[in-house]
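Visitor: First the structure, which I've put down as structure tokens, then a few questions once you've had a look.
Just so it is clear, none of the values below were taken in a lab; they were calculated from the coordinates. Since the model is a prediction, treat every value here as computed from it, not as a measurement. Glycine also receives a Cβ, built like all others from the backbone with ideal geometry; neighbour counts cover every protein chain displayed.
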Amino acid sequence: MVQVDLFTAGAVFAIILLAYHYLSKRYEYFLTKPIPCLKPTFLVGNTGPMMFRQRDIAAHVQILYYAFPDFKITGFYDLMNPIFMLRDPDVIKKIGVKDFDVFMDHTPTMAGATEAEVSGEQLFANSLFALRGSKWRDMRATLSPAFTGSKMRHMFELVAASAKSTAEYFKAEAKAGKRLEYEMKDTLSRFSNDVIATVAFGIEVDSMRERENDFYVKGKQMVNFQSIVVLLKFLLIRTVPSLAQKLKIDFIDKDLAAYFKTMITDNMKQRDAHGIIRNDMIHMLMEVRKGALKHQKEEKDTKDAGFATVEESTVGKSNHSRVWTENELIAQCFLFFLAGFETVSIAMTFLAYELTVNPDVQNRLYAEILDTEQALGGKPLTYEDLQKMEYMDMVVSEGLRKWPPAVVSDRFCNKDYLFDDGEGTRFVIDKGQTVWIPTIAIHHDPKYYP
């Protein structure tokens with residue numbers, strides 16, 4: 001017969017009650033704020049349906065957005081973390097532009113970790129997306145000259161070469177009498193992979209013909225955020241960030257990180273040894289290492305502006321004296337891959353779908369392409385020629401409006417901020433809190449897009 005120690009049982013019960021009471025207090029944050037908040041579920045907050053795969057993140061964001069349609073800002077809980085949901089474009093513009101200094105950072109992946117505590121070997125933690133404060137500002141200023149009009153012209157040539165190779169593959173398949181039926185997400189992922197390989201990593205691969213090349217296979221593994229290992233890492237980082245930091249947990253698998261690091265460093269050594277210059281990301285990072293990559297005043301030219309572009313922030317043109325380590329620079333190549341691989345292929349896949357179900361749009365776009373080709377008179381398409389294709393710009397912009405690859409964006413409040421919507425709602429967003437910008441919900445709100 002099992003003997004029950006009443007004292008031990010009582011102590012355990014008391015600890016459970018205290019833990020429940022302590023954790024439940026986390027869900028009282030919005031009670032002190034004059035805004036509505038969705039009722040949370042213990043431990044999972046309002047994130048349960050998404051965590052348990054009952055709905056995807058796009059649907060989840062829209063449900064949160066429409067919960068309180070008469071308010072410009074609302075609240076909900078991501079697990080046990082209070083989140084402010086911004087629902088008004090003017091409020092978003094104020095926080096994202098006018099008061100940007102208060103909200104310049106993304107929510108820390110390693111909450112509580114100082115700049116010095118982030119391991120120099122961690123790739124994601126050292127990428128521009130995860131950097132914070134002055135280090136983010138300095139890296140932003142460092143990389144900004146790499147994306148000016150003149151640099152984009154050079155990169156465009158590399159993109160065009162990949163596009164030509166892909167088009168020639170389809171022509172060869174058609175000439176051979178093969179049935180041209182492809183899964184577009186896979187096809188466009190391969191094209192995106194090849195573009196990133198040549199532009200960011202300085203290598204040429206052909207993922208349409210060499211379907212299992214190392215760069216593509218390892219790249220797919222790196223962006224597989226649905227694996228159990230990655231999900232466990234994510235939960236550890238979110239729930240016990242101090243332990244994750246001590247263990248130097250990174251989203252990127254160590255073996256994959258080592259593969260890409262070696263590729264980049266070997267490429268740099270080869271170029272240094274033989275004086276090779278190639279207008280890609282590797283070359284620009286080598287220029288950064290030498291301190292030779294600077295903003296050029298004459299590069300500001302209105303002809304570089306597309307129909308849907310906006311003027312660059314002055315943050316990208318600030319000066320600094322920070323010296324970057326090799327790993328910090330390599331981390332930016334990784335970010336280029338992570339930010340470009342899935343997002344670009346997803347955007348192109350949805351765009352292909354929209355053109356299929358809207359043949360009138362497809363025909364008008366095709367007519368503009370034919371007009372451009374005729375005007376070129378056999379010459380290759382240039383960066384400037386592409387800028388003149390206004391309907392192409394409009395189609396891409398509308399595709400991104402309907403199907404934004406990043407369905408939500410977040411910002412981290414780095415000091416107490418007095419929120420005022422100009423209509424009587426005033427309160428403090430406390431330092432350390434996160435605000436969400438529900439991109440996909442606003443893009444589909446008939447109030448703004450009838």
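Visitor: Label-point separation (nm) for residue 184 and residue 5, each offset 7 Å from Cα along Cα-to-Cβ?
Guide: Using points 7 Å along Cα→Cβ, the separation is 6.5 nm.
Visitor: With a 10 Å radius around each residue's Cβ, average the other Cβ atoms per peptide and rank 87-97, 356-366, highest first. Walk me through the intermediate numbers first.
Guide: Working: 87-97: 16.9, 356-366: 12.4.
Packing order, densest peptide first, comes out as 87-97, 356-366.
Visitor: For segment 159-208, build the convex hull from the C-alpha positions and give me its volume per residue in Å³. Please report the intermediate quantities before stating the final value.
Guide: Details: hull volume 3.0 nm³, N = 50.
Considering the Cα atoms of segment 159-208, their hull volume per residue is 60 Å³.
Visitor: Straight-line reach only, C-alpha to C-alpha below 23 angstrom: list the lysines that residue 171 could link to, leaving out same-chain residues fewer than 8 apart.
Guide: By straight Cα distance, residue 171 reaches 185, 379.
Visitor: Taking only Cα atoms, what is the 0 to 90° angle, nearest 10, from helix 390-402's long axis to the longest principal axis of the chain?
Guide: Between the helix axis and the principal axis of the chain, the angle is about 20 degrees.
Visitor: Let me ask something else about it. Can you tell me the FRET efficiency between residue 214 and residue 287 if r is taken as the Cβ-Cβ distance and R0 is 30 Å, rounded to the nearest 0.05? Let's see the in-between values first.
Guide: Numbers: r = 27 Å, r/R0 = 0.91.
The value I calculate is 0.65.
Visitor: Regarding segment 323-450, what's the average projected area of the Cα-atom convex hull, expressed in nm²?
Guide: Values: hull surface 53.5 nm².
Quarter of the Cα hull surface area: 13.4 nm².
Visitor: Turning to a different aspect of this structure: What percentages, rounded to whole numbers, describe P(r) for the chain computed over all alpha carbon pairs with 10 Å bin width beginning at zero?
Guide: Values per bin, smallest distances first: 4, 16, 27, 27, 17, 7, 2, 1, 0, 0.
Visitor: Then there is this: Taking just the alpha-carbon atoms of segment 139-402, what radius of gyration and Dmax come out, in angstrom?
Guide: Reported Rg and Dmax, both Å: 20.4, 62.
Visitor: Hey, can you rank 433-440, 25-32 by average C-beta count inside 10 Å, highest first? Spell out each step's value before the answer.
Guide: Numbers: 433-440: 20.9, 25-32: 13.4.
Peptide ranking by packing, descending: 433-440, 25-32.
Visitor: Show me the three semi-axes of the equivalent ellipsoid for segment 1-74, from the C-alpha gyration tensor (sqrt of 5 times each eigenvalue), largest first, rounded to whole Å. Could the numbers behind the result be given before it?
Guide: Numbers: eigenvalues 274, 63, 7 Å².
Ellipsoid half-lengths, sorted descending, are 37, 18, 6 Å.
Visitor: Given the rule -39500 (n - 2.57) for each run of at least 4 DSSP H residues, summed and divided by the residues of the chain, what is its mean residue ellipticity at 222 nm, to the nearest 500 deg cm²/dmol? Intermediate results must be reported in sequence, preceding the final value.
Guide: Working: 17 runs with 224 residues, N = 450.
Taken over the chain, the calculation gives -16000 deg cm²/dmol.
Visitor: Can you tell me the relative contact order of the chain? Whole percent, Cα pairs under 8 Å, sequence separation 6 or more. All intermediate terms of the calculation are to be shown ahead of the outcome.
Guide: On the way: 515 pairs, mean separation 100.3, N = 450.
Averaging sequence separation for qualifying contacts and normalising by length gives 22 percent for the chain.
Visitor: If you don't mind, there's one more thing I want to ask. Could you state the principal axis extents of the C-alpha atoms in segment 166-265, from the largest down, to the nearest angstrom?
Guide: 59, 30, 17
Visitor: Also: Within segment 141-186, list the trypsin sites (Lys or Arg not before Pro) lying in a DSSP loop whose Cβ has at most 13 other Cβ atoms in a 10 Å radius.
Guide: Taking segment 141-186 and a limit of 13 other Cβ atoms within 10 Å, the loop trypsin sites (Lys or Arg not before Pro) found are 178, 179.
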